[in-house]
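Take a look at the structure set out below.
The values are calculated or read from the model by the stated rules, or taken from the named source; none is laboratory data. None of these values were measured; they are calculated from a predicted model. Every residue, glycine as well, gets a Cβ built from its backbone with ideal geometry; the counts of neighbours run over all protein chains shown. What goes into the accessible areas is simple: the full protein's heavy atoms, side chains included, and nothing from ligands, DNA or RNA. Shrake-Rupley method; radii C 1.70, N 1.55, O 1.52, S 1.80 Å.
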Amino acid sequence: MSMARSCFSSVVRHCLSLQKQFEEEFQCSSLNFQIMVLLSPMDLLGTDFGALTLIHLLFQKNSSSNSHIDLILKPSEEDMKICLLFYEFRLRVALGLGGDLMLTSRIRNMNTDGKPFTFAFAYHTYFSVSDISEVRVEGLGTLDYLDNLQNKERFTEQGDAITFETEVDRIYLSAPTKTAILDHGKKRTFAIRKDGLPDAVVWNPWDKKAKALADFGDDEYKHMLCVETAAIEKPVTLKPGEEWRGRQELCAVPSSYCGGLLDARKVL
């Protein structure tokens, strides 16, 4: 377990290094991100994440100033004695010269007994915003969504864009490949592109929930928005030897958004 924790600490250090480089090279310190892989209750949600051993970590910066880090997570020989499901998880975090942040994940079923492997997945991505009341999300209008605040009851989004006046915790289904977060206060747009991730989660805890969260400042909800690309409604099932791939690309661009004049599709 100590080795797994040591490897995880190494991952964190390298990710922080990438984030610092992103801030310094592309002057976009407001883009903060976390990654959370959500797997089925039969696996990670029911066991210790540290039971899987990180065996490969590679950081590379090439001549074109593009940087990436490759992480490979798969069971060690000791893990395989106690785990019920075996898989390999690969993550590439890349920073493009133009300021894009690219996350590419691959999951392969390594079971040798013929058992399929079923999982759900989400990039748990937080964005720093000027004021949540000055933000709108475009690209998810008129879609069906599951409302986590109402026992995942299914509704249809009525507006062309999502704005925030209270707590929001929704899973938008069959979301398009492109979504935009428009920040009126900072005159900036976050563009999100995805592949292999059909759903989108939108979350802001608002004031009461923020005060109840131990790791959340009472007023921090005003300056954050979580928009995740995900595969949740229909979990992914892999037969032995099969591989799944999911990809997300993020970029921040200045915009003159004012009073709904900016067409997010032009940004994307």
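Hey, which lysines would be in cross-link range of Lys178, C-alpha to C-alpha under 25 Å, not counting anything within fewer than 8 residues on its own chain?
Correct list for Lys178: Lys152, Lys186, Lys187, Lys194, Lys222, Lys234, Lys266.
Ranked highest first by the average count of other Cβ atoms within 10 Å around their residues, in what order do 95-102, 172-179 fall?
Descending mean neighbour count gives 172-179, 95-102.
What is the packing order of peptides 119-132, 230-243, taking the mean over residues of other C-beta atoms within 10 Å and listing the highest first?
119-132, 230-243
Report the full-extension gain for the segment Ser133 to Thr237: residue separation times 0.36 nm, less the Cα-Cα distance, to one decimal in nm.
Full extension of this stretch gives 33.5 nm more.
How much length would be gained if the chain were fully extended between Asp215 and Lys178, taking 0.36 nm per residue of separation minus their Cα-Cα distance, in nm to one decimal?
10.3 nm
Based on the Cβ-Cβ distance from Gln150 to Ile72, what FRET efficiency comes out when R0 is 35 Å, to the nearest 0.05?
Computed FRET efficiency for Gln150 and Ile72: 0.30.
What percent do you get for the relative contact order of the stretch 191-243 when only Cα pairs under 8 Å and 6+ apart count?
Rounded, it is 43 percent for the stretch 191-243.
Computed FRET efficiency, Cβ-Cβ of Arg92 and Glu157, R0 35 Å: what is it to the nearest 0.05?
0.60
So for each of 213-226, 189-202, 147-160 I average, over its residues, the number of other beta carbons within 10 Å; can you give me the resulting order with the highest mean first?
Per-residue Cβ counts within 10 Å, averaged per peptide and sorted highest first, yield 189-202, 213-226, 147-160.
At 1.4 Å probe size, put Thr112, Thr163, Thr104 in order of accessible surface, largest to smallest.
Per-residue accessible area, sorted high to low, gives Thr112, Thr163, Thr104.
For the stretch 143-252, what's the relative contact order in percent, using C-alpha pairs closer than 8 Å and at least 6 residues apart?
25 percent
Once you sort the root eigenvalues of the Cα gyration tensor of the stretch 138-268 as a ≥ b ≥ c, which label holds: rounded (a/c under 1.5), prolate (a/b larger than b/c) or oblate (the other case)?
Verdict is oblate for the stretch 138-268.
Would you calculate the separation in nanometres between label points at Lys208 and Glu167, each defined as 7 Å from the Cα along the Cα-to-beta-carbon direction?
Result: 0.6 nm between the two label points.
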